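Down below is the structure, laid out as C-alpha cells.
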Amino acid sequence: MNAPVPPPAAAAKKLKIATTSLCGCFGCHMSLLDIDERLLELVKLAEFDRSPITDIKHFGPCDIGLVEGGVCNSENVHVLREMRAHCKVLVAVGACAINGGLPAERNHLDVGEMLKKVYGDMPGLQSKVPNDPELPLLLDKVYPINEIVRVDYFIPGCPPSGDTLWKYLTDLIGGRQPRLEYQLLRFD
C-alpha cells in the first residue's frame, strides 16, 4: 500500500500592488520599470493588480497602492478615492503626488480665464472651450493627493529612482518600516 501523498505546502500569499498615474508625466511609472531585471524578482514577491504592467482598469482589494501625479480634475478625484478604498497602504510617489509638482504651476492662474485664453483668444483659432460631458471637470487648482485622501507613505523625487522604488517596495513587502539612505532621497 502506498503512503498518502501529502498536500502541497501552502504557498506564501503574495501581496497585491496597484498603481495609478493622475496629473503628471508618468515618470514615476518609468522609474518602476527602471528596476530592470529586479522586476522579475518583484513579481515573485508580489502580484500586480491595476497597473500599466497588467493593463487592469479597475482596482481590486490590494495591499499596496502607488500613486503618482497630482489631482487636477474630477476623474483624478474619483480614481484616487477608489484606490484609497481598495488599498491597505497608500504611497504618494514623486513630487506631483506629494506637492502638485510641475502641474501645480497653474495654481496661480484662474482656470476659466486660462481656458478662454487658450481656446478662444488665440489668433487663428475659431474654437471655444471644450464642453463635452466625456471630459472631466478641471479643479480650481492641482492638489497633492494627501489633501484628498489619507496617505500612509511618501517617496520624494521627480521622479524617484528605480533603486529608490525597489528599496521602498521590498521593505514594505518584507514587513519592514521603509528606510531610504541619503543617496536614494531626491527632492527635485
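The values are calculated or read from the model by the stated rules, or taken from the named source; none is laboratory data. Remember, it's a predicted structure, so these values are computed and weren't measured experimentally. As a convention, Cβ positions derive from the backbone with ideal geometry for all residues, glycine included, and neighbour counts pool all protein chains shown.
Restricted to the range 123-135, and to residues there that are modelled with pLDDT under 90 and aliphatic (A, V, I, L, M), the residue that is surrounded by the most Cβ atoms within 10 Å (Cβ to Cβ) is VAL129.
Being assigned to a loop (DSSP other than H, G, I, E, B) and either over 21 Å from the mean Cα position of the chain (by Cα) or basic (Lys, Arg) (or both) is a property that PRO136 lacks.
The set of residues in the range 145-164 that are among the β-branched types (Val, Ile, Thr) and part of a helix (DSSP H, G or I) comprises ILE145, THR164. Scanning for something at pLDDT 95 or above, more than 29 Å from GLU47 (Cα to Cα) and not β-branched (Val, Ile, Thr), does the range 147-168 turn up at least one residue? No, every residue in the range 147-168 fails to be at pLDDT 95 or above, more than 29 Å from GLU47 (Cα to Cα) and not β-branched (Val, Ile, Thr). When the range 136-160 is limited to residues that are of a type in the set (Asp, Glu) and closer than 28 Å to ASP171 by Cα, the one that is surrounded by the fewest Cβ atoms within 10 Å (Cβ to Cβ) turns out to be GLU147. Restricting attention to the range 52-88, the residues being under 12 Å from the mean Cα position of the chain (by Cα) and at positive phi number 1. Would you mention how many residues in the range 44-53 are farther than 16 Å from LEU22 by Cβ and surrounded by 13 or more Cβ atoms within 10 Å (Cβ to Cβ)? So the count comes out to 6.
Could you list all residues from the range 165-182 that are outside any helix (DSSP H, G or I) and under 19 Å from LYS14 (Cβ atoms)? Answer for the range 165-182, where residues must be outside any helix (DSSP H, G or I) and under 19 Å from LYS14 (Cβ atoms): GLY174, GLY175, ARG176, PRO178.
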